[in-house]
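Below: one structure, written as structure tokens.
Readers should treat all values here as calculations from the given coordinates under stated rules, not as data from a laboratory. No experiment lies behind these values; they were computed from the predicted model shown. Heads up, the Cβs are rebuilt from the backbone with ideal geometry, glycines too, and the neighbour counts pull from every protein chain shown.
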Amino acid sequence: MSDEALAGQIGAFVRHHRLEQNRSQDALAHAAGISRSTLSLLERGETVTLSTLIRVLRVLDLLQVMDAFVAEQRVSPLALARIQKEKRQRASGTQSSDTTEHKW
């Protein structure tokens, strides 16, 4: 998908949810702290800043779409094997000197 098509899809998403919430462009733009013309650009798929998109998504209560961008840190199987190898497998069996005082 081209950049223009993706921007258009994002704009359509924002417009759809704005209308679903029965908000005007003026009301949403004011709540997001942007101009109405900037919101109009976003809805038409024109270039806007990432900050603008985040502000609009926050006001629309749609920030959960950003969860798709969370990068999970994974441990490779080799690193996991090294970590498990370094774990203690047995107790040393040595006793401290105070346990000899409490013989039964």
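Here are a few things to note about the model shown:
- J(HN,Hα) series, the range 19-30, from Karplus relation 6.51 cos²θ - 1.76 cosθ + 1.60, nearest Hz, glycine and proline x: 5, 4, 8, 6, 10, 7, 4, 4, 5, 5, 4, 4
- Springs between Cα atoms under 10 Å define the GNM used for the chain, and in it the highest mean-square fluctuation of Val48, Val70, Val14 occurs at Val70.
- Between Leu6 and Val75, the FRET efficiency estimated from the beta carbon spacing at R0 = 41 angstrom works out to 0.80.
- Note on the chain: with a GNM built from Cα contacts shorter than 10 Å, the maximum mean-square fluctuation among Leu41, Leu80, Leu19 falls on Leu80.
- For the options Arg36, Arg88, Arg23, a Gaussian network treatment of the chain with springs between C-alpha atoms closer than 10 Å singles out Arg88 as fluctuating the most.
- Each residue of the range 44-57 was assigned a 3J(HN,Hα) from its phi angle through the Karplus expression (A = 6.51, B = -1.76, C = 1.60, θ = phi - 60°), giving 7, x, 7, 6, 9, 7, 4, 4, 4, 4, 5, 4, 5, 4 Hz with x at Gly and Pro.
- A simple spin-label model places the labels of Asp67 and Leu19 2.6 nm from each other, with each point 7 Å out along Cα-to-Cβ.
- Relative contact order (%) - criterion: Cα under 8 Å, at least six apart; region: the range 3-67: 39
- Cα-Cα pairs of the chain separated by more than 20 Å (percent): 58
- Put a dot 7 Å past the Cα of Lys85, heading toward its Cβ, do the same for Asp26, and the two dots end up 7.0 nm apart.
- Expected 222 nm ellipticity per residue - DSSP helices of 4 or more, -39500 (n - 2.57), all of the chain, to 500: -15500 deg cm²/dmol
- Between helix 77-86 and the chain: long-axis angle, C-alpha atoms, 0 to 90°, nearest 10: 30
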